[in-house]
Structure formats: structure tokens, C-alpha cells
Amino acid sequence: MMRRETDNLRENDNTNPVAYLNVSEMEELPTVALRGLAILPGMVIHFDLNRKKSIEAVEQAMLNDQRLLVVTQKSTEVEEPEFDDVYDVGTVTVIKQVTKLPGHTLRVLVEGKSRAELHRFLTEYAYIMTEVSYVNDDMTGVSDADEEAMTRTVREAFSAYYTCFPKVGKAVADQIEEEMPLGELLDCITINMPLPVADKQKILEALSVRERFEVLTGILMQEVEVVRIKNELAKKIRGRIDKNQKDYILREQMQYIKEELGENNTDSDAEQFEAAVEKLKAKREVKEKIRKEITRYKNVSASASESAVERAYIETLLELPWDKTTKDSKDLKRAQEILDEQHYGLEKVKERILEYLAVRVLTGKGQSPIICLVGPPGTGKTSVAKSVAEALNKKYVRICLGGVRDEAEIRGHRKTYVGAMPGRITNAIRQAGVKNPLMLLDEIDKVSNDYKGDPSAALLEVLDAEQNVAFRDHYVEIPIDLSEVLFIATANSTDSIPKPLLDRMELIEVNSYTANEKFHIAKEYLVEKQLKKNGLHTENLKFTDEALRDMIRLYTREAGVRGLERQIGAVCRKAARRILEVRTEGDNTISVDAEALGRYLGKPKYRQDEIAKKDEVGIVRGLAWTSVGGDTLQIEVNVMPGEGEVDYTGQMGDVMKESARIAMSYVRSVSERYHIPDKLFAEKDFHIHIPEGAVPKDGPSAGITMATAILSAATGIPVKADLAMTGEITLRGRVLPIGGLKEKMLAAGTAGVKTVLVPKENEKDIAELEPEITEGLEIHMVEYMDEVAGYALVKS
């Protein structure tokens, strides 16, 4: 198994069993793969083996010359390591002792002799036999002066390490002072350091003495630096602890001195609280409760944690405006002027506020309304609340309910909890400083709930005019009168608001703005606001009417005006930069017209929906409502050979799919009336598709649109291209009412539609629309699908 040259060499040197280690020829040695252990030359160590292959390798080594190759596994998880699972460099060892332990375990004592490079595993043996070559220390490029310098450096580095880790042992420090080659010195230091296996393996694989020196010196210096930083941190922490203890003792001594002199700070605070109670505008019951808490505060030690809790509670009670109010404005004309000056449109909101003010003037009190403004984003719901507060001369506070999921956010935490505090309602009253502010409950539809309770349930008491006269906050514990608070809530949709909560509020819809309304808002409010925000004046920058209209039409698509305001702001910023750049030329006036928009805002971001240029079979334009306004949907139906199946594409929701099935059933039921062959539905497949497949679509209002498209495809009769429709369909062909009519009419007008079919039951909604919305539209009220087909299908 071993080559004869090696055996002869070993026989000729009985004094040193590893004299053959200078030989560099290939040899085959029994091998043990170790997990979590790296052995270096010069190292005497024992380890336990229980793998069958490892035990057989040791037995084979004992039968030969006691030489055993040990190599470290890359991963400790591998049970049967292959050649790629171990490192490329291992250590040739001589077995000193073998002991059998219970449980088929072998304890082996070895001494590391030399590095060896692994070439391959030999597969013909039942144990691991490896072809290796011995590796001598590579001193290439290392002169005597270099060796002496490196030796001194590494000894100094180890001395610093030994100072930080005295447990390494003085014997090791004495050992490295003896004269020994540099390579052995480096190995000796490594053996006696508590290094991770990866670091020891890195040093083992450093065949060049220079490389080994660099690796080991780097590790020593890093360890010394880590200990230095650790000691500095410990010193700082110890100093901080000592300071805290010193401060505590001094405070206790100061407290004792004050008590001896009769100058207790607690008594001083209590006196201030009692003086504040006398000045407080509150009912007798409230004052008695506060005085009771002050007495309790006096009896609590100032150093106790209860003292801080009691103090915070008393301060909260004293800061609440129990009976403090502001005098509401009674000037109806002034209120109207403020509302009109700050907001364009929103007539229903303004009308309701003026009604409240009129009742208040006539009756002397009047119950505060609880209003919920519902509408798309950017329509001025939040900002109008601030204007209402100014018009009525009320204090304004805002509570954002978006994402609130804990009931304690509304009702507060009980005092027994650490860090307890009042709820948002009580905090808002304290912030306002009066008991009759205008309180805006923003995004009330975004309230959620979890295991900590339902905030919307807590709001039931807040928004109930019969109950909120005595609202109980868990922290305050004393009833708070909210009956004089004017609550205004805002929401984008009522779908997520619980019905009991919705029932307590007066809903006012804030609909999408028309293009003309957006134009007036931009011209009269937004331009001036953005000019001021960007440091400009009306003489610096002017917008033409055409520019504003094109900005609305081509650069925004929204129900409100937030995006429009951003676009105006973008133009103002670019204009500000240009004015500064050309200031030296003396021309500080910029006029933005329709042609200049491209230079300031780039290419148009949106294209207007346009009707088809010709009448087509199976294609009908429907009207849809979205959270950002109205839109038009083109519904397409194709008929193809098949087996009577119906396919739906375009991300339809469940309700829309049901509408499509109802439409299909209706068309089949009237097929005889329209001369549709019976076999058509058995021998043909229908494919119903709504373009823009990435956008989810749902709702029943496309029912008559899909029925018309299916009927057109089945009969081959084209549908008028300039016609759009909306309405829910029943199995018997009745047309049911729908919502969002204003937004849908706006979308129809924008797309160039000439004729619109609307459910007859929506006639009252059409009557409420402004003339500018219905201008240019021929609106027909339909009650049955026969009427829809009569208007929609092209007559031959």
C-alpha cells in the first residue's frame, strides 16, 4: 500500500519516526474526515470516532506504520464525505494511543507532523484512502533579515494578545521564546489560540510562510483591537452605572433634607394643582374628583412610580376644557363669503353648514350636526372642514383614523397600564382648549380592527348625539361632554363603514369635479397658491386658459384636483429656475400657453377616450365608476365555431361574471324574437372580453352593455359607435338603476359620446345634474332591454 522508498527511509531513521516528511512523492494514506476540528503540525490532541469508515482507517493505520491523514470537512452536516466535501490541505499525524469506548466509539490520540496536499480519494477501499503529497514550509522570497523581522513582529503581536488573554498560559509564552523556525513558531502560536475552525484551516492552508505570517498576524491584531474596544465600552457602561447610583443617592439625600426643612416638592406641586382647580371652569363633581386625586398624590412618596402616574393624571384633568367654550359666529353672510372664497363648488356642504348656523342663531343653541363627506380623493373634503371652522369661528382639530385598529386609540388606556394615556378624542379636545371645536375625523372608512377591539364600535358613542353628552374615556374616567363638538368625517367610500356607524352620520356626497369646475378651481385658487408656494408673483408667471384646460385634459385623470395642483407646481418650479437664469437679461415674465406645456411637463400623459369611427358588430361602449372618477369601457363579444361554451376575459369580478351569464340567458330567451337560430348557442362558442386586462373590473352596471354586445354578435347587427349605456339587467330584461351617474356622464362627454342610455329609475339623478354635464348628450331613459336594443342596434 505504501511506496517502498518511504518504507526504506523510515527504517533508516529510528530516532525520528517522521524523518520521511521531507519527501514530496505521492503516497496513499488512510484518512479520517473530522467535523468541527482542524489539526496542525505539532499539535497533540485526541478525538472520538464513531463512523465505520473512520474506525477502519485508524485500524489500517495501526497495522501499517501508525501514520494517519486527518482532514477537516467543509460542512459538519455531511455524514459520508466525498473528496469535494473536505479541504484540499490536511495534516499527516502519528497515532499515539487508541482507546475503545462504549457505544462503538474510538478515542484516538494523535500528534500532527506535517502538512499534506490531497489529490484524490481511492475508491477501492472500504475506508477512506487518499493520495497525498507532503508539503514543506515555503520560504521562497524570505531572506534571513525578513525572517528575523517577521519573527519579532509575530512575537510582539502575541505578547499583546497574551496581555489581553492571560488564560492562554505562561507556558506557551515561554515556549515561543525558544529558538525555532518561523513556520513552526507560527503553527505553535496557532495551536494554543482559541480560534474558530475556519481560521485554523486558513492558517493550515497557508503553505507559504510569508502568507501564514500575514494571516496569523492579522488575526492577532484584530483580536487585540476587539478586546480594546470591548474594554472601552465596559468602562463607559460602568461609569454610567456609577453615575446613576450616585444620582440616586444624591436625590434621596436631597429629598430627606427637604423633608427636614419642610420644603417638600410634592407639597409645592399639590398647592399649584389646588390653585389651578379653583380657577378651572368645571362642574362641582369634576372639581371634587380632581381634589380627591390631589390628596392621593400628597400621600404618595415622591420617589415612588405611582407619584409620576398620579401627577400625569392630575395634569391631564386640569388641561381639559370642561366648560370652556368659544363664541360661535352668527354672521351668515360672512360665513357664506369665507366658504365661497376658499372653495369652488361643494354647494351641498356649504348649504348644510349655513342651515346649521341659521338654526343656531334662531334657537340660541341647536344640536351640532354629525356630517360625513363622501367622495373621491382630492375633491376638497379635508380642506373644506378647515374653512367651515373659520366660517363658524370655531377651533379646528383633526384626527386621522386611517389604519387605527385598537379601541384604546379612541377610548384611551386605563390608568393601571404602564404608559397609559387618553384616547385621540380626549387628546383632540385638550389640544383645542375648548369643549365646542370642529373635530375632523379624517379617513373614517380606513378604520380596521383586530383582537384588541373594534375602534368603529367605540366611535358609535362618540358620534351619537344622544350619548356623547357623557362620553367616558378609560383614562380620564370622568364623563366628557361632546354634544357641542361639530363632527365632520371624511371617507372615500361608505362600503367599509359599519352600518350602525353610518346610520349616525348625515351623508353628503362630494362628487367628482367637471372639467369646467377644475378649470375654475385651478384659475381662481390653485395657481395663486402654487405661485406663493414657489416664491413667484402673478407678474412673473401667467397661465393662459387654454394651457389650464389642456393640463386638465392631457396631464391629469382624476376626480379631484390634487394631480392638477402638482402639475401647476411643476410648471412653477421650472419657471422659477428659468427666471433666475435669465434675470440678468431683465425679462422676468413668463407666459405659459398650450404650446409651451410640452416644454414644462413633457409629452401628454393621457389620451382621451374616443368613440369608434364606425358601427361594429359585437362591440358596445359601457360607462363605469372608479374611485378617481368615471371611465368608459368597451365590451367586445366574438362568436366562433365550438360547442356552446362561454369564455370571460379582462379581469372580471364575480358580480360582473354573473351579469354576463344573466345577459347570455336573456339573449337566448329572446332568440326567437330576433330570428337567432337555436343551434347557434349549441354549435358556437361566445367570448366576452373587456380590454385593459390588467385592471380589475366588477359591478352589475355593465349588464345591459354585455346583453347588447351578445345580441349584436348573435344577430350580426352592428351597434351605433357614438352610443354608450349603463344599467343592471335582470333575467326578464328589466333595466335596474345604478350609481355614480355624474362621473359616468362626465366620462361619456369626454369620450365624445352623443347618445347615452340610462335606467328610467335614475331619471331623478339626471335631473339633479348640472347643465354643463349633460350638454351635448342625448339621454334616453330605458326600462326594458327591448328599448335598449331599439336605440343601440343599427336599423337596416
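Observations on the model:
- Test: residue in the stretch 738-748 that is within 42 Å of the chain's Cα centre (by Cα) and over 13 Å from Gly630 (Cβ atoms): no
- Top-ranked residue in the stretch 557-575 [being modelled with pLDDT under 85 and buried (at least 19 other Cβ atoms within 10 Å of the Cβ); ranked as nearest to Glu341 (Cα to Cα)]: Gly560
- In the stretch 723-734, the residue that is most open to solvent (accessible area, probe 1.4 Å) out of those that are more than 16 Å from Ile635 (Cβ to Cβ) and out of contact with any Leu (no Cβ under 7 Å at 6 or more places or on another chain) is Arg732.
- Among the residues of the stretch 50-78, those identified as in a strand (DSSP E or B), surrounded by 20 or more Cβ atoms within 10 Å (Cβ to Cβ) and not β-branched (Val, Ile, Thr) are Arg67, Leu68, Leu69.
- Given (1) farther than 15 Å from Val719 by Cβ; (2) at pLDDT below 85; (3) of a type outside the set (Ser, Thr, Tyr); (4) surrounded by fewer than 15 Cβ atoms within 10 Å (Cβ to Cβ), number of the condition Lys764 does not satisfy: (2)
- Summed over the stretch 463-502, the residues that are open to solvent by 40 Å² or more (accessible area, probe 1.4 Å), within 18 Å of Leu401 (Cβ to Cβ) and out of contact with any helix residue (DSSP H, G or I) (no Cβ under 8 Å at 6 or more places or on another chain) give a count of 1.
Residue by residue, here is whether (1) open to solvent by 10 Å² or more (accessible area, probe 1.4 Å); (2) under 20 Å from Lys435 (Cβ atoms); (3) not in a loop (DSSP other than H, G, I, E, B); (4) not aromatic (Phe, Trp, Tyr) holds:
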| position | (1), (2), (3), (4) |
| --- | --- |
| Leu354 | yes, no, yes, yes |
| Val359 | yes, yes, yes, yes |
| Leu362 | yes, no, yes, yes |
| Leu373 | no, no, yes, yes |
| Thr382 | yes, no, yes, yes |
| Ser387 | no, no, yes, yes |
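- Taken over the stretch 767-790, the criterion of being touching a residue at least 60 places away in the same chain (Cβ under 8 Å), crowded, with 17+ Cβ neighbours inside 10 Å and in a helix (DSSP H, G or I) is satisfied by Ile773, Met785, Val788, Ala789.
- Whichever residue in the stretch 90-112 is touching a residue at least 24 places away in the same chain (Cβ under 8 Å) and not in a strand (DSSP E or B) and, among such residues, is nearest to Glu56 (Cα to Cα): His104
- Number of residues in the stretch 664-676 that are open to solvent by less than 20 Å² (accessible area, probe 1.4 Å) and either closer than 18 Å to Met640 by Cα or not in a helix (DSSP H, G or I) (or both): the value is 5.
- Within the stretch 599-661, strands (runs of 3 or more DSSP E) holding 1 or more residues that are open to solvent by 80 Å² or more (accessible area, probe 1.4 Å) and out of contact with any Cys (no Cβ under 8 Å at 6 or more places or on another chain): 619-626, 629-641
- Identity of the residue in the stretch 111-156, over 58 Å from the mean Cα position of the chain (by Cα) and buried (at least 16 other Cβ atoms within 10 Å of the Cβ), that ends up nearest to Glu27 (Cα to Cα): Tyr134
- Screening Asp187, Asp174, Asp199 for residues that are modelled with pLDDT under 80 and not in a loop (DSSP other than H, G, I, E, B) leaves exactly one candidate, Asp174.
- Residue match in the stretch 260-272 (condition: open to solvent by 70 Å² or more (accessible area, probe 1.4 Å) and either at pLDDT 75 or above or closer than 30 Å to Ala391 by Cβ (or both)): yes
- Which listed residue is free of Cβ contacts under 8 Å to residues at least 40 places away in the same chain and out of contact with any helix residue (DSSP H, G or I) (no Cβ under 8 Å at 6 or more places or on another chain), from Glu581, Glu539, Glu546: Glu581
- Residue within the stretch 492-503 that is assigned to a helix (DSSP H, G or I), hydroxyl-bearing (Ser, Thr, Tyr) and closer than 26 Å to Val384 by Cβ present: no
- Qualifying residue in the stretch 672-686 (condition: in contact (Cβ under 8 Å) with a residue 12 or more places away in the chain, closer than 20 Å to Pro759 by Cβ and not acidic (Asp, Glu)): no
- Hits in the stretch 521-547 (condition: more than 18 Å from Gly345 (Cα to Cα), open to solvent by less than 30 Å² (accessible area, probe 1.4 Å) and in a helix (DSSP H, G or I)): Gln530, Leu531, Ala547
- Residues of the stretch 205-232 that turn out to be without any contact (Cβ under 8 Å) to a residue 12 or more places away in the chain, open to solvent by 80 Å² or more (accessible area, probe 1.4 Å) and closer than 19 Å to Val89 by Cβ, as a count: 2
- Residues (of a type in the set (Lys, Arg) and either farther than 21 Å from Asp786 by Cα or part of a strand (DSSP E or B) (or both)) located in the stretch 677-728: Lys679, Lys684, Lys697
The values are calculated or read from the model by the stated rules, or taken from the named source; none is laboratory data. The structure presented is a predicted model; accordingly, all values stated were derived computationally and were not measured. Note that we place each Cβ from the backbone using ideal geometry, even for glycine, and neighbour counts take in every protein chain shown. When the accessible area is computed, the model is the full protein with side chains, heavy atoms only, and any ligands, DNA or RNA have been set aside. Shrake-Rupley method; radii C 1.70, N 1.55, O 1.52, S 1.80 Å.
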